[in-house]
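A.B. asks: Quick one: the structure is below, questions incoming.
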Amino acid sequence: MKMTTKDGQSSGRVRKVVKRSNIGHPVKLASQKCGRSVHLESPLEYDLAIQLEFDPSVILFQEQPLAVKIQYDGKLRTVYPDLAVYKDDGSTLIIEVKDAKKASQQEVIEKFELERQVLVSLGYDFVVMTDKEIRGTIQHKNSQKLLPYRRLVVGSILREKILAALAWRPMSLGEMLQEVPGVTLDLLKACIAQSIITTDLTQIVTLQSIVQPLRRNSKLSENQMKIWERRCL
């Protein structure tokens with residue numbers, strides 16, 4: 001078994017996104033986090049991608065980032081994982097997205113296990129996510145609600161006031177409305193959507209939700225960031 005990838009200087013997905021007739025039509029997400037349109041093979045992948053877009057632990061994500069060769073049923077097969085997620089702890093998570101019913105089939109389980117073995121041996125984390133983990137969660141609902149707020153303009157002066165108010169301690173959204181002149185709840189949601197501030201999106205967002213500035217893990221090397229950014233262009 002072996003895996004082939006583009007070298008460190010390359011960028012973009014390793015194959016053209018195609019329509020899977022049993023799943024749906026390819027869709028695009030205009031990702032502010034990645035600075036480009038991310039091409040996804042199904043609505044289920046899209047639903048996961050919008051959660052990655054607003055997940056503060058995710059720096060970048062990339063569709064079909066590499067090709068993995070596995071030996072299965074006497075044949076050498078090439079599989080293309082759905083997503084690579086570059087996280088602020090320095091790890092890279094490879095995700096396969098599958099309908100729960102299909103993911104439970106023995107053939108699919110065996111193929112994913114071979115894929116997992118190859119990827120883990122090369123230092124990647126690997127997970128299979130189905131509609132049960134992706135849809136219907138609070139994080140999914142919050143992410144859907146935040147999408148329109150990416151387009152709302154937050155002026156530079158107001159942004160500075162918001163960050164200054166949070167310089168000493170995290171605050172609730174309700175406190176921010178009292179502390180920062182001119183701010184509205186919509187503008188605070190826009191700040192969350194645009195990764196200016198962050199909150200726990202696994203919980204329902206209310207006026208009691210605690211927000212703080214988005215801070216990256218200081219252990220990430222500058223070189224690692226450059227490699228990730230090149231691959232995701």
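The values are calculated or read from the model by the stated rules, or taken from the named source; none is laboratory data. The shown structure was predicted, so the numbers you read here are calculated from the model rather than taken from an experiment. Backbone-built Cβ (ideal geometry, glycine too); neighbour counts: all protein chains shown. Accessible surface areas use protein heavy atoms only, side chains included; no ligands, DNA or RNA. Shrake-Rupley method; radii C 1.70, N 1.55, O 1.52, S 1.80 Å.
A.B. asks: With a cut-off of 8 Å between alpha carbons and a minimum separation of six or more residues, what is the relative contact order of segment 16-113 in percent?
C.D. replies: Values: 142 pairs, mean separation 16.9, N = 98.
After rounding, I find 17 percent.
A.B. asks: If we sort 147-160, 29-42, 186-199 on the protection proxy, mean other Cβ atoms within 10 Å, highest first, what's the order? Display every interim value, and only then the final one.
C.D. replies: Values: 147-160: 13.1, 29-42: 17.9, 186-199: 20.6.
Result, highest mean first: 186-199, 29-42, 147-160.
A.B. asks: What does the extension gain come out to for Thr78 and Asp186, with contour length at 0.36 nm per residue minus their alpha carbon separation? Working shown, then result.
C.D. replies: Details: separation 108, 0.36 × 108 = 38.88 nm, distance 4.60 nm.
Using 0.36 nm per residue and subtracting the Cα-Cα distance, I get 34.3 nm.
A.B. asks: Further question: Could you order Glu179, Glu115 so the one with the most accessible surface comes first? Probe is 1.4 Å.
C.D. replies: Numbers: Glu179 110, Glu115 5 Å².
My answer, sorted largest first, is Glu179, Glu115.
A.B. asks: Considering amide H positions built from the backbone, and no H for Pro or chain starts, which residues 5 or more places from Lys33, or on another chain, come under 5 Å of its amide H?
C.D. replies: Sorted by chain and number, the residues that satisfy this come to none at all.
A.B. asks: Okay, next question. Pull out the extension gain between Arg159 and Thr206, defined as 0.36 nm times the separation in residues minus the alpha carbon to alpha carbon distance; nm, one decimal. Let's see the in-between values first.
C.D. replies: Numbers: separation 47, 0.36 × 47 = 16.92 nm, distance 2.05 nm.
Full extension of this stretch gives 14.9 nm more.
A.B. asks: Sum up the charges of everything whose Cβ sits under 14 Å from the Cβ of Ser195, counting Lys and Arg as +1 and Asp and Glu as -1, but leave Ser195 out. Walk me through the numbers on the way to the answer.
C.D. replies: Working: positive: Lys33, Arg150, Arg159, Lys189, Arg215, Arg216; negative: Glu53, Asp55, Asp88.
For residues surrounding Ser195, the net value is +3.
A.B. asks: Next question. Could you order peptides 70-78, 54-62 by the average number of other Cβ atoms within 10 Å of their residues, highest first?
C.D. replies: On the way: 70-78: 11.6, 54-62: 20.6.
Ranking, from highest mean packing down: 54-62, 70-78.
A.B. asks: Anything over 28 Å Cα to Cα? Flag those among Lys33/Lys145; Lys33/Lys102; Lys87/Lys132, in the order listed.
C.D. replies: Beyond 28 Å: Lys33/Lys102.
A.B. asks: Suppose the chain between Glu179 and Val108 were pulled fully straight at 0.36 nm per residue; how much longer would it get relative to their current alpha carbon spacing?
C.D. replies: Numbers: separation 71, 0.36 × 71 = 25.56 nm, distance 5.35 nm.
Contour length minus the Cα-Cα distance gives 20.2 nm.
A.B. asks: Return the long-range amide H neighbours of Gln212 (sequence gap of 5 or more, or a different chain), with a cut-off of under 5 Å between placed amide H atoms.
C.D. replies: The list, which skips near neighbours in sequence, is Thr198.
A.B. asks: Hey, what D do you get for segment 84-154 in µm²/s if you plug the Kirkwood alpha-carbon radius into Stokes-Einstein at 25 °C and 0.890 mPa s?
C.D. replies: Details: Rh = 14.4 Å.
Translational D for this selection: 171 µm²/s.
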